[in-house]
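Participant: One structure follows; several queries about it will come next.
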Amino acid sequence: MAPTESPVARVADELEAKARAFVREHRLPGVAAGVIHGDELVWCAGAGFADVASRRAADAGALYRIASITKTFTGTAILQLRDEGRLHLDDPAVTHVPELRGAMSPFGAIETVTIRRLLSHESGLMGDPPGTDWSQPSYEADAAANLRRVAEIGTKVPPNTQQKYSNMGYQLLGEIVARVSGVPYAEYVRARILDPLGLASTSFDPLPADLAARRATGYAPRAFSDDLVESVPAPPAGAEGGLWSCVSDLARWVSFQLREDGGPRAGAQVLAGTTLAEMHRPRYLGDAAWTEAWCISWYAVRRDDVVWVQHSGGLHGFITNVCFDPRERVGAIALVNGLGDASDLAMELAAHARKAVRAAPAPIDPPAPIPAAWRELLGLYADPEFVMFVRLEWRDGKLTFVESESPNWRPTLTPSSQPDVFIVEPGVREAGEPCTFDRRADGRIRSVMLGSAVLRRLDPVE
């Protein structure tokens, strides 16, 4: 049940009705679903069964194969290593995996396959390892084994020309994590991500006995009958899609994405908030209608003017999705042990919860006090050449430039180690540039240099 303090509690019955309707409409064995608001799982429910034969109900603790949602953990591991200075996103993959020197690269040097392009599926690398046949299923999850067949690995389209989804690429990213960190990939993810965030029910195969007992059974798609048939076992996988998880753990994963400081509930920092935002930020469009974009290890879907950052997973017997709106800090999880559009259900649940959150009265907090040394910086500034007037305000706890004719241009400043020198925060053209205030001999502000533009201070005439 949802906590009474959450606005989502008011629509709990409606959310459960949507989950049940989804199961009935798609003739599914069951679904486990949840809604996250801020740091909390504020609603969860199961509809149908995690295992039909035993009549075990779907619930927040049942484990589902989350498949490609694993890629978001792999991307997090890569960004951790980047933030520690141990690799660069624009490093060629061959720098860390020299065996790739023998791969096919008909569209240029193999160095065009970079870590950044692999993360966002724009390297042009082949989709699956050599010899993959999903109808069997036949799939090689061992990166070392695939690298022994490196002559069969290669790019299939030029880089940066289209989204080309690549499990092979993420398998290589997992290998890069292992080689750069000196720790096997699964052990690294456990020690640096899962354990610090308290994701005790999220794991790779082979599962320990207590987790294996909680696995949902995957079922094959229904064709001509309501009879349920267990799916063939999904092949093993690693960095590209090997994790099992549940609603309760994935709620922690989503709430982690929504935390501004990027820290876990308790424990050491996992990823900085700025790095999380970098991962969520769209890198390129996925369609001509501008309804889909690809990020770093995530993708984004625009629905009814809301952009849902998300990732789905699909393997034999399981379809899964997590999605969230970073602005409203609302997200949802849908885990299906059959064939159904988990993304559609997750976005429907999240949108309904988001509407409830937006309808609730917003809390009003007292404004943060301005540091005394910055008060004299506030005021009206002008650019005579472009006849532009700009206000420097203390707004939402930040020094913020405001220009009434450009409402989307709001440079905010962070202090540097030097007095009267600030750095423009990300999000505007001047991002990363210095913002330097110039004083007269009597100490009053004369002007400010914002990036390469000088704005003159306008003081009242006494």
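The values are calculated or read from the model by the stated rules, or taken from the named source; none is laboratory data. Model, not experiment: these values are computed from the prediction. Here the Cβ is made from the backbone with ideal geometry for all residues, glycine too, and neighbour counts use every protein chain on show. Remember, those area values only see protein heavy atoms, side chains included, never the ligands or the DNA or RNA. Shrake-Rupley method; radii C 1.70, N 1.55, O 1.52, S 1.80 Å.
Participant: Enumerate the pairs (first residue in segment 226-243 and without any contact (Cβ under 8 Å) to a residue 40 or more places away in the chain and part of a loop (DSSP other than H, G, I, E, B); second residue anywhere and surrounded by 19 or more Cβ atoms within 10 Å (Cβ to Cβ) and not small (Gly, Ala, Ser)) with beta-carbon separation below 7 Å, excluding pairs fewer than 6 apart on the same chain, so at least 6 apart or on different chains.
Facilitator: Matching pairs, first to second residue: Val229/Tyr219.
Participant: Shifting gears a bit: Condition first: within 30 Å of Thr217 (Cβ to Cβ), aliphatic (A, V, I, L, M) and either touching a Pro at 6+ places or on another chain (Cβ under 8 Å) or open to solvent by 10 Å² or more (accessible area, probe 1.4 Å) (or both). Can you find one or more residues in segment 65-87 that meet it?
Facilitator: no
Participant: So, in segment 309-341, of the ones that are hydrophobic (A, V, I, L, M, F, W, C) and under 10 Å from the mean Cα position of the chain (by Cα), which residue ends up farthest from Ile36 (Cα to Cα)?
Facilitator: Residues of segment 309-341 that are hydrophobic (A, V, I, L, M, F, W, C), as a first pass: 309, 315, 318-319, 322-324, 330, 332-336, 339.
Then keep just the ones that are under 10 Å from the mean Cα position of the chain (by Cα); that gives 309, 322-324.
On the way: Val309: 14, Val322: 10, Cys323: 10, Phe324: 8 Å.
Checked segment 309-341; the qualifying residue farthest from Ile36 (Cα to Cα) is Val309.
Participant: Scanning segment 360-374 for residues that are open to solvent by 60 Å² or more (accessible area, probe 1.4 Å) and in a loop (DSSP other than H, G, I, E, B), which turns out farthest from Pro415 (Cα to Cα)?
Facilitator: First, the residues of segment 360-374 that are open to solvent by 60 Å² or more (accessible area, probe 1.4 Å): 361-367, 369, 372-373.
If we keep only those that are in a loop (DSSP other than H, G, I, E, B) as well, we get 361-367, 369.
Numbers: Pro361: 34, Ala362: 30, Pro363: 29, Ile364: 27, Asp365: 24, Pro366: 23, Pro367: 19, Pro369: 16 Å.
Per the stated criteria, the residue is Pro361.
Participant: Test each condition in (1) under 27 Å from Val309 (Cβ atoms); (2) over 17 Å from the mean Cα position of the chain (by Cα) for Ala103 and report the one that comes out false.
Facilitator: (1) is the only condition that Ala103 fails.
Participant: Further question: I need a count of the residues in segment 416-451 that are open to solvent by less than 70 Å² (accessible area, probe 1.4 Å) and either outside any loop (DSSP other than H, G, I, E, B) or closer than 17 Å to Phe389 by Cβ (or both). Give the derivation first.
Facilitator: First, the residues of segment 416-451 that are open to solvent by less than 70 Å² (accessible area, probe 1.4 Å): 416, 420-425, 428, 430-432, 434-439, 443, 445, 447-448, 450-451.
So of that shortlist, the ones also either outside any loop (DSSP other than H, G, I, E, B) or closer than 17 Å to Phe389 by Cβ (or both) come out as 421-424, 434-439, 445, 447-448, 450.
Count: 14.
Participant: Out of all the residues in segment 273-300, which are buried (at least 19 other Cβ atoms within 10 Å of the Cβ) and in a strand (DSSP E or B)?
Facilitator: Ala293, Trp294, Tyr299, Ala300, listed by residue number.
Participant: Oh, and also: List the number of the failed condition for Trp253; all other conditions in (1) part of a helix (DSSP H, G or I); (2) at pLDDT below 95 hold.
Facilitator: That leaves (2) as the condition not met.
Participant: From Arg259, Arg281, grab the single residue that is basic (Lys, Arg), touching a Cys at 6+ places or on another chain (Cβ under 9 Å) and farther than 23 Å from Asp59 by Cβ. I'd like the intermediate steps shown before the answer.
Facilitator: On the way: Arg259 fails: touching a Cys at 6+ places or on another chain (Cβ under 9 Å).
Just one listed residue meets the conditions, Arg281.
Participant: Looking at segment 377-391, is at least one residue touching a Cys at 6+ places or on another chain (Cβ under 6 Å), part of a strand (DSSP E or B) and free of Cβ contacts under 8 Å to residues at least 24 places away in the same chain?
Facilitator: Narrowing segment 377-391 to residues touching a Cys at 6+ places or on another chain (Cβ under 6 Å): none.
No, the conditions are met nowhere in segment 377-391.
Participant: From the set of residues in segment 113-156 that are among the hydrophobic types (A, V, I, L, M, F, W, C) and assigned to a loop (DSSP other than H, G, I, E, B), which is surrounded by the fewest Cβ atoms within 10 Å (Cβ to Cβ)?
Facilitator: Looking at the filtered set, the residue picked out is Trp134.
Participant: For segment 203-224, give me each residue that is free of Cβ contacts under 8 Å to residues at least 60 places away in the same chain and aromatic (Phe, Trp, Tyr).
Facilitator: Passing the criteria: Phe204, Phe224.
Participant: Exactly one condition in (1) more than 20 Å from Pro326 (Cα to Cα); (2) under 24 Å from the mean Cα position of the chain (by Cα); (3) outside any helix (DSSP H, G or I) is not met by Gly46; state its number.
Facilitator: (2)
Participant: Can you name the number of the only condition in (1) of a type in the set (A, V, I, L, M); (2) open to solvent by 20 Å² or more (accessible area, probe 1.4 Å); (3) more than 25 Å from the chain's Cα centre (by Cα) that Leu41 fails?
Facilitator: (3)
Participant: If we scan segment 15-25, do we find a residue that is open to solvent by less than 20 Å² (accessible area, probe 1.4 Å), under 19 Å from Glu5 (Cβ atoms) and under 28 Å from the mean Cα position of the chain (by Cα)?
Facilitator: Yes; the residues of segment 15-25 include at least one that is open to solvent by less than 20 Å² (accessible area, probe 1.4 Å), under 19 Å from Glu5 (Cβ atoms) and under 28 Å from the mean Cα position of the chain (by Cα).
Participant: Does segment 221-237 contain at least one residue that is loosely packed, with under 13 Cβ neighbours inside 10 Å and at pLDDT 95 or above?
Facilitator: no
Participant: Here are the criteria: (1) touching an Asp or Glu at 6+ places or on another chain (Cβ under 8 Å); (2) free of Cβ contacts under 8 Å to residues at least 60 places away in the same chain. Tell me which single one Gln136 does not satisfy.
Facilitator: The single condition Gln136 does not satisfy is (1).
Participant: Right, next: Condition test on Lys71, is it assigned to a helix (DSSP H, G or I), more than 23 Å from Tyr284 (Cα to Cα) and charged (D, E, K, R)?
Facilitator: Working: assigned to a helix (DSSP H, G or I): yes; more than 23 Å from Tyr284 (Cα to Cα): no; charged (D, E, K, R): yes.
Answer is no for this residue.
Participant: Do any residues in segment 90-112 that are part of a strand (DSSP E or B) have Cβ atoms under 9 Å from those of residues that are open to solvent by 30 Å² or more (accessible area, probe 1.4 Å), where the two are at least six apart or on different chains, and which pairs are they?
Facilitator: Pairs found: Pro92/Ala109; Pro92/Glu111; Pro92/Thr112; Met104/Ala151; Met104/Glu152; Met104/Lys156.
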